[in-house]
Amino acid sequence: MFAYPSDKMINVGTDNEGNDIYRLFIMFYDDSDWASAIIGEGQESQGQVLMNAIDFHIPTPEANETNAQPAVSSMLKQSYPNPFSSNSTFECDLKKSGDVSLKMYNVKGQLVKTLVDDYQTASTHQIMWDGKDDFGRTVSCGLYFSKLSTSGISETRKIVIIK
């Protein structure tokens, strides 16, 4: 038997509980000789083309405060200036208050500097990095990554240091 599913599901309405019903059509050829269209030796018949449909009942998502998440792409803005030689500023637009961390990593994935690691209120925050590591040493020129993490969401941006 060979099955050929359609390329998309079609919305065919809603059920009694308010769930959306999506239908997927499947066409298949059923024979005893793995889809041979010719009656062969030892084969009873040519087989037949059959079509079936599977209905999926999918609950309609409810927008509420518990499952609504901020858009990840707008949480951490690209730092400026970038590239930089002395200081760069990160702008974070936090939609919800909570524990936040903003950390700098080198290209090997090693932690270089923790800029923020505490509770922050919902608002726009500006954080500056002076190009120094956690020990106060100036880091070398090159590519670094800033990683903002909050409420199970993280976002990473590239930043380049030049001299």
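The values are calculated or read from the model by the stated rules, or taken from the named source; none is laboratory data. Note that the structure is predicted; figures quoted are calculated from it, not measured. Surface accessibility is based on the protein's heavy atoms, side chains included, excluding ligands, DNA and RNA. Shrake-Rupley method; radii C 1.70, N 1.55, O 1.52, S 1.80 Å.
Taking amide H as placed 1.01 Å from N in the peptide plane, the amide H of VAL112 sits under 5 Å from that of MET104, TYR105, ASN106, each at least 5 places away or on another chain. Placing GLU91, GLU17, GLU155 in order of accessible area, with the largest value first and a 1.4 Å probe, yields GLU17, GLU91, GLU155. Taking one equal scatterer on every alpha-carbon of region 98-152, how large is log10 of I(q)/I(0) by Debye at q = 0.26 1/Å? For region 98-152, the Cα-only Debye profile gives -1.09.
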